[in-house]
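Down below is the structure, laid out as structure tokens.
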Amino acid sequence: MKPLFSLVFLTFLPFAAQAEGPLAPQPATSVQWEALIYHQRPVVVFADSPEDPAFLRQMALLARDTGELAERDVVLITDTDPATPSELRQKLRPRGFSLVLLDKDLKPILRKPLPWDLREITRAIDKFPLRRQEMLERHPGR
């Protein structure tokens, strides 16, 4: 059953990678760390290989985005090459697969060793201090 599961995700991964817009996954080597501070909220997906089943599952879950991540100013960053460590890999020091949620001040708030559903990610982001402040400023009556 596992080979079939992997085959299905490998089939749909190119479509997720070709996604247009702000939520298209960006490789960690092309991201300028300083440009993100207080502008975007990084969600970083690390893996030791682009064929890692957990990585493929996480990317498939994130490909279902209905605009909720864009509403939260999320930038999706991937790093699947531990042989040439990116600046993010050196700062966050993941081991194997890791999902790291950072706030806009670029401090890691949450690390997960397993893939997370979009709903879990957005609920976790809504609990971040800066996100709560944003929500109060946008909707002061709530």
Cross-chain or 6+ apart pairs with Cβ under 6 Å, segment 76-103 first and closer than 21 Å to Ala35 by Cβ, then among the aromatic types (Phe, Trp, Tyr): Asp79/Phe46; Glu87/Trp33; Asp103/Phe128
Output yes when any residue across segment 84-92 is modelled with pLDDT of 95 or more, among the charged types (D, E, K, R) and farther than 17 Å from Trp116 by Cβ, and no when none is. no
Per-region count, segment 42-60, residues among the aliphatic types (A, V, I, L, M) and surrounded by fewer than 21 Cβ atoms within 10 Å (Cβ to Cβ): 2
Would you be able to say whether some residue in segment 125-142 is at pLDDT below 90 and of a type in the set (Gly, Ala, Ser)? yes
Can you tell me which residue within segment 121-137, out of those that are of a type in the set (Lys, Arg) and under 15 Å from Tyr38 (Cα atoms), is surrounded by the most Cβ atoms within 10 Å (Cβ to Cβ)? Arg131
Hey, Leu13 surrounded by 14 or more Cβ atoms within 10 Å (Cβ to Cβ), touching a strand residue (DSSP E or B) at 6+ places or on another chain (Cβ under 8 Å) and either at pLDDT below 90 or of a type in the set (D, E, K, R) (or both) or not: no
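The values are calculated or read from the model by the stated rules, or taken from the named source; none is laboratory data. Everything quoted here is computed from the prediction, not taken from an experiment. With ideal geometry, Cβ positions are generated from the backbone for all residues, glycine too; neighbour counts draw on all protein chains shown.
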